[in-house]
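A.B. asks: Here it is, the structure in full.
The values are calculated or read from the model by the stated rules, or taken from the named source; none is laboratory data. For clarity, every value in this text was computed on a predicted model and none was experimentally measured. Cβ atoms come from the backbone with ideal geometry, glycine included; neighbour counts cover every protein chain shown. Protein only, heavy atoms only, side chains kept; ligands, DNA and RNA dropped before computing areas. Shrake-Rupley method; radii C 1.70, N 1.55, O 1.52, S 1.80 Å.
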Amino acid sequence: MTGGKTESVVSSKKLPKLFPVVGIGTSAGGLEALELFLSHVPDECGMAFVIIQHLSPDHTGSLPELLQRSTTMKVQQVDAMVRVQPDHIYVIPPNKNLTISNRILHLEAQGAKPGLRLPIDIFLHSLATDCTDQSIGVILSGMGSDGTSGMCSIKGHGGLTLVQEPATAKFDSMPNSVIDSGCADIVAKTEELPGRIIDFLGLVASRGKTEQGPEVNEQSHFEKITAILKAKTQHDFSLYKPTSIYRRVERRMTVHHLSSIADYARFLEQNPQEVQLLFSELLIGVTSFFRDEEMWEELKDVALPKILAAYPQGGILRAWSCGCSTGEEAYSLGILFREAMDRLQQPDKFSLQIFATDLDVDAIEKARQGIYPATIEADVSPARLQRFFVKESGGYRIGKEVREMVTFAQQNVIMDPPFTKLDVLICRNLLIYLSTALQKQLLPLFHYSLKPGGLLFLGSAETVGAETNLFHAATVKSKLFWRDTSMTLGSMVHFPTFLISKQTPTLHQESPMIKATDNLQPLADALILKHFASPTVLVNDQGDIVYISGRTGKYLEPATGKANMNIFAMIREELQYKLESAFSQALQQSKPVTVRGELSGVDNKIQPVDITILKIEHPEILRGMAMVAFTDVSLPSKTKRKRSPTQTNNKQVEELEQELLLTRENLRTTTEEMQSTHEELKSANEELQSTNEELQSTNEELMTSKEEMQSMNEELQSMNAEQAARLEDYLQVNNDMENLLDSTEIVTIFLDNQLQVRRFTSGANQLFNLIPSDVGRPLADIVSCLNYPKLYDHVQDVLRKLISVENQVSTDDGKWFKVRIMPYRTLDKKIDGVVITFNDITATKKREDELREEISHLKAGQVSS
């Protein structure tokens, strides 16, 4: 297969010395895409390519030979550990997983159990970890979702991700899966991808490394970018390390072919969708279950037992996973806690509440779902998978006993209040992205959040820095730090500023629509006078009092304790129930709602009160609020008569007794109904539970079968593509041989070991009475026009003695042929029949006769003379 080489705008000689490694993942329909991709890779591009394709475990493929036709680079199958080199292509062998470490490829045996295999994810994860920003991932045609998780890992480590345009792929499942995950930097046609890679690397090389962040002349544009992000997303990235932010900005610049940060600032300002893409890129978190496993083992074996020992009577432990991303670390802690409980004699007396927070809303949503790809098998042991996870389509769901421990929420640790009274605080690989000044503010805050003797768990590249007076390490090289109880922080703690949502007013928060008290009074007075003349209060939809008109002391009174201007806290006890029931009803309609209550006045006088609630629709500034008016109701004179204390008490007692009897009867009836319903529900629940277990078992079997069928289908697709390529080669060779034999005009007959006709070329029917249906008949049964009675004997001698026999024979019509009989040897040197060739030498014979005659005449003339 041929194709034009991509002409990149940047010479490959300008690429960095530390060459990139490109991981290419493909499955069904991938051979054609690979050939097209490699045919457009420039010569001496300075990159190494590793091809991971789904292959049948027992299939001996010829993928390297097929790909070698499309490129001048060396293509080799990985058979042992090998160090990658630029301008080389490495192909995964069947029934193996491939990983890379220190730029050396390592082979690992695949599991013996058939089913869903994810070799692409496994390699791309290792590539991201090993080559970081020098890693490049490419996903071509294929079924399923293998490669998606690995591509996200590459992007999280600062690498480049490219995907074949789904419309051009024979099977678009794998490309679409990466695109839907939001981890694809570039989506293009297969033949365009190599050029996009070269251009990207060339632009990065031309700008050089960005370890120091933006240059002085770029600082104002960089600040403009962070200001745009803050205005659009409400998150301030100016407190992060400039190098971390600038590296992500630079990636987006390169994707859009922008050469300066000023151009990108303008582009960001003009394209709101790019703001969200940049924001998402800044939030990409790299995480996994039990990342840095030895640290988690130390937590399980040393730290957790020490924490539990501080609670001899048992209790509820509190933990906070700060910057939890998609939840793996929070669930890892939950799993370790359950395992630690198994070692105790009374595990039920302990429980763990984990608060897991992150800035990324999408990541939190994924964490809540608790569904992870099958690639977690590389990080989670089979025993833990069996106990703490439920196998689902293409992956695993976290089990109920661990899921119920964790509460997820969106939180900005820089600006939102922290969780407190914690036993464990996990903050791994977050501090490395923050400025030193911000780290110095957060560490005292973490100290404040932890209980005395609490544990801080940091990432492998993080320390407490100069704050050794706040924490001390569990061991010399440990990333587990115990809270120092002897230190008093005082003014060292800088509490974050809590940003209250502008869309959701809280109970004690004034409605954001009210911006100026001076403008509220005339509006409220005019509105109240229009509808009511009695004492009235203006409240928001939560009941918070915004404005008071008239004397309301008779109906409202300050609540004891902390000052609270909510009407439900201030309303007189006798009127509270009536107000609560009417308030929610009034907010659902535009008409006023009126209810009547009673107040006990001076000298035991009963004063009826009408409470009228009207929802406000106009003016716009007051929309959503409500007016609550209180109106005393005049009673007839006999009703106003002063009651004696005895009469009042007797009537109240009678009313209470009646109400008590009615309540008891209702309670008895309700209890009986509840018991009956409970028994029915219990029986139904047992049946449903039994059915659910059966369905779950059936579902697991079906999912396993589906995974096996999908894997087999992908392998068959790959094998079919290889066989199709081989067939194309064989047809080409066959055509070449046919033309070769026809051009030589040498008649050839092929016989098998039983001396039966296997094949013959054109012209053989002139020497033997051969027709196409004679294939398979013994040569001795076919009539020949050759004057060669010993032909069959010579053929047998050749097959028996493995010698060649050559004779000149004539035909009945006077023609002469040079007959050569030779053994038929295969490529592996086996004898598989006989080949007989017939070369027409009639003209040669005739010339020999003429020469013989001329010689005879000459001799006769010499004798006569």
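A.B. asks: Would you please give the residues with an amide H less than 5 Å from that of G147, counting only those at least 5 places away or on a separate chain, with H modeled from the backbone geometry?
C.D. replies: Under 5 Å from the amide H of G147: D121.
A.B. asks: Using a cut-off of under 14 Å, list every residue of the stretch 408-426 whose amide N is near the label point 7 Å from the Cα of S280 along the Cα-to-beta-carbon line.
C.D. replies: Those under the cut-off are none; the list is empty.
A.B. asks: Going by accessible area, probe 1.4 Å, with all protein chains left in place, what is the ranking of L802, L527, L98, L656, largest first?
C.D. replies: L656, L802, L527, L98
A.B. asks: Kindly point out, ordered by number, any Cys in the chain whose beta-carbon has no other cysteine beta-carbon under 4.7 Å away.
C.D. replies: C45, C131, C324, C785
A.B. asks: Pairing the Cα long axis of helix 242-255 with the longest principal axis of the chain, what angle in degrees results, from 0 to 90 and rounded to the nearest 10?
C.D. replies: Rounded to the nearest ten degrees, it is 50.
A.B. asks: Please give the length that would be gained between N699 and Q353 if that part of the chain were fully extended, namely 0.36 nm times their separation in residues minus their C-alpha to C-alpha distance (nm, one decimal).
C.D. replies: 121.4 nm
A.B. asks: By its C-alpha gyration tensor, with a ≥ b ≥ c as the square roots of the eigenvalues, how is the stretch 781-865 shaped: rounded for a/c under 1.5, else prolate for a/b larger than b/c, else oblate?
C.D. replies: Cα axes put the stretch 781-865 in the prolate bin.
A.B. asks: For K790 and E679 in one chain, what is 0.36 nm times their gap in residues minus the Cα-Cα distance, to one decimal in nm?
C.D. replies: 29.8 nm
A.B. asks: How much length is gained on full extension from M709 to L239, taking 0.36 nm per residue of separation minus their Cα-Cα distance?
C.D. replies: Difference between extended and current length: 164.1 nm.
A.B. asks: Here's another thing I want to ask about it. Take every DSSP beta bridge whose two residues both sit in the stretch 749-864, then give the antiparallel share in percent to the nearest 5.
C.D. replies: Details: 23 of 23 bridges.
In the stretch 749-864, DSSP labels about 100 percent of beta bridges as antiparallel.
A.B. asks: Show me, for the stretch 223-240, the HN-Hα J-couplings you get by feeding each phi into the Karplus relation (A = 6.51, B = -1.76, C = 1.60, θ = phi - 60°), rounded to Hz, glycine and proline as x.
C.D. replies: Here the 3J(HN,Hα) series is 5, 5, 5, 5, 5, 5, 4, 5, 5, 8, 10, 6, 10, 9, 9, 5, 8, 7 Hz.
A.B. asks: Evaluate the charge dipole of the stretch 389-456 about its Cα centre and quote only its size in Debye, nearest 20, assuming +1 on the Cβ of each Lys and Arg and -1 on the Cβ of each Asp and Glu.
C.D. replies: The calculation lands at about 80 debye.
A.B. asks: R0 = 35 Å: FRET efficiency of A309 with K366, Cβ-based, nearest 0.05?
C.D. replies: Efficiency, rounded to the nearest 0.05: 0.50.
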